[in-house]
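Structure first, commentary second.
Values in this text are rule-based calculations from the coordinates and carry no lab data. What you are looking at is a predicted structure, and each value in this text was computed from that prediction instead of being measured. Here Cβ is always computed from backbone atoms with ideal geometry, including for glycine, and neighbour counts include all displayed protein chains.
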Amino acid sequence: MSNAKWYVVWEGKQTGIFTQWEDAKAQVHGHPGAKYQSFKTKWAAEEAFRVGPNSFQDLRSKVLPDKNPNSIAVDAACSGNPGVVEYQGVCTDSKSQLFHKKIEGIGTNNCGEFLAIVHALAWQKEAGVNRPIYSDSDVAIGWVKQKKCKTTLEKSKDTAPIFHLIERAEKWLEEHPVKPKILKWLTKDWGEIPADFGRKG
RNA sequence: ACAU
DNA sequence: CCATGT
Ligand SMILES: [Mn+2]
Ligand SMILES: [Mn+2]
């Protein structure tokens, strides 16, 4: 495999995951019954190594957690970080857009991800619905749970607009019960979150 | 390291 | 390669 960067050795002089073929080959050479394979990503290699040489191919279909299609997905994008921030929310199943906001001034990726979740909460309350909210951001999910945006962003004239929105979002969280489940979107298993802006390619 |  | 975060 031309792009392979990770080599799993399940049986050999030493087992493990190697980043160089020279190292993997040293475990396999002259070792009858050695089992090994190359992978393109670290994640694939780790999963394959953990599950063993015979079952790694079907592990995903057995263990892959299911996503709830009756849900909302949010995501933020940033032009520079810190930079110009926007976020949006979509229906997970259809990707139809529910809301979108481009924020004045500059902010961080994580501030955008945080505001996206809180916007989804407020939007749902306004719309009278209660569906799970998916975010791919551990940071933002944690901040919403704490009702506190722990950003390191410096305060300045350019960051004043987003800090105002953050303050408003934190206030909303303090004043309203958080009813919808806020769930981690498992990007490695499911691919990019449906609300993604698709600019990383 | 993990998640962006 | 840079940056934001736990
Ligand atoms: Mn994201
Ligand atoms: Mn994205």
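For the stretch A:160-201, residues that are of a type in the set (Phe, Trp, Tyr) and assigned to a loop (DSSP other than H, G, I, E, B) total 2.
Tell me whether the stretch A:140-159 contains one or more residues that are outside any helix (DSSP H, G or I) and among the hydrophobic types (A, V, I, L, M, F, W, C). The answer is yes; a qualifying residue exists.
Within the stretch A:13-29, restricting attention to residues that are small (Gly, Ala, Ser) and under 18 Å from residue A:53 (Cβ atoms), which residue is surrounded by the fewest Cβ atoms within 10 Å (Cβ to Cβ)?
Initially, the stretch A:13-29 is screened for residues small (Gly, Ala, Ser), giving A:16, A:24, A:26.
Filter again for under 18 Å from residue A:53 (Cβ atoms), leaving A:16, A:24.
Numbers: A:16: 14, A:24: 24.
The residue in question is A:16.
Does the stretch A:83-99 contain at least one residue that is assigned to a strand (DSSP E or B), free of Cβ contacts under 8 Å to residues at least 12 places away in the same chain and out of contact with any strand residue (DSSP E or B) (no Cβ under 7 Å at 6 or more places or on another chain)? Explain how you work it out, then say what you get.
Quick first cut of the stretch A:83-99, residues assigned to a strand (DSSP E or B) only: A:83-91, A:97-99.
Narrowing further to those that are free of Cβ contacts under 8 Å to residues at least 12 places away in the same chain: A:97.
Next cut, out of contact with any strand residue (DSSP E or B) (no Cβ under 7 Å at 6 or more places or on another chain) only: none.
No: zero hits.
Scanning the stretch A:106-127 for residues that are part of a loop (DSSP other than H, G, I, E, B) and away from RNA strand B (no atom under 13 Å from the Cβ) yields one hit, A:106. Residue A:130 meets the conditions (1) in contact (Cβ under 8 Å) with a residue 60 or more places away in the chain; (2) in contact with a Lys or Arg (Cβ under 8 Å, 6 or more places away or on another chain); (3) of a type outside the set (Val, Ile, Thr); (4) assigned to a loop (DSSP other than H, G, I, E, B) in every case but one. The failed one is (1). For the stretch A:149-182, the set of residues classified as under 29 Å from residue A:69 (Cα atoms), in contact with a strand residue (DSSP E or B) (Cβ under 9 Å, 6 or more places away or on another chain) and surrounded by fewer than 17 Cβ atoms within 10 Å (Cβ to Cβ) consists of A:181 only. Would you say residue A:121 is more than 16 Å from ligand 1 (Cβ to nearest atom), touching a residue at least 12 places away in the same chain (Cβ under 8 Å) and either within 20 Å of the chain's Cα centre (by Cα) or closer than 30 Å to residue A:47 by Cβ (or both)? Spelling it out, residue A:121 is indeed more than 16 Å from ligand 1 (Cβ to nearest atom), touching a residue at least 12 places away in the same chain (Cβ under 8 Å) and either within 20 Å of the chain's Cα centre (by Cα) or closer than 30 Å to residue A:47 by Cβ (or both). Among the residues here, residue A:200 qualifies as surrounded by fewer than 17 Cβ atoms within 10 Å (Cβ to Cβ), within 19 Å of residue A:102 (Cα to Cα), within 14 Å of RNA strand B (Cβ to nearest atom) and within 20 Å of the chain's Cα centre (by Cα).
State whether the residues of the stretch A:150-158 include one that is within 19 Å of residue A:89 (Cβ to Cβ), within 13 Å of RNA strand B (Cβ to nearest atom) and not aliphatic (A, V, I, L, M). The answer is no, given that none of the residues of the stretch A:150-158 is within 19 Å of residue A:89 (Cβ to Cβ), within 13 Å of RNA strand B (Cβ to nearest atom) and not aliphatic (A, V, I, L, M).
Counting only residues that are within 21 Å of residue A:200 (Cα to Cα) and assigned to a strand (DSSP E or B), the stretch A:60-82 holds 8 of them. How about the stretch A:160-201: which of its residues are within 16 Å of ligand 2 (Cβ to nearest atom), touching a helix residue (DSSP H, G or I) at 6+ places or on another chain (Cβ under 6 Å) and of a type outside the set (D, E, K, R)? Once the filter is applied, which keeps residues that are within 16 Å of ligand 2 (Cβ to nearest atom), touching a helix residue (DSSP H, G or I) at 6+ places or on another chain (Cβ under 6 Å) and of a type outside the set (D, E, K, R), the stretch A:160-201 yields nothing.
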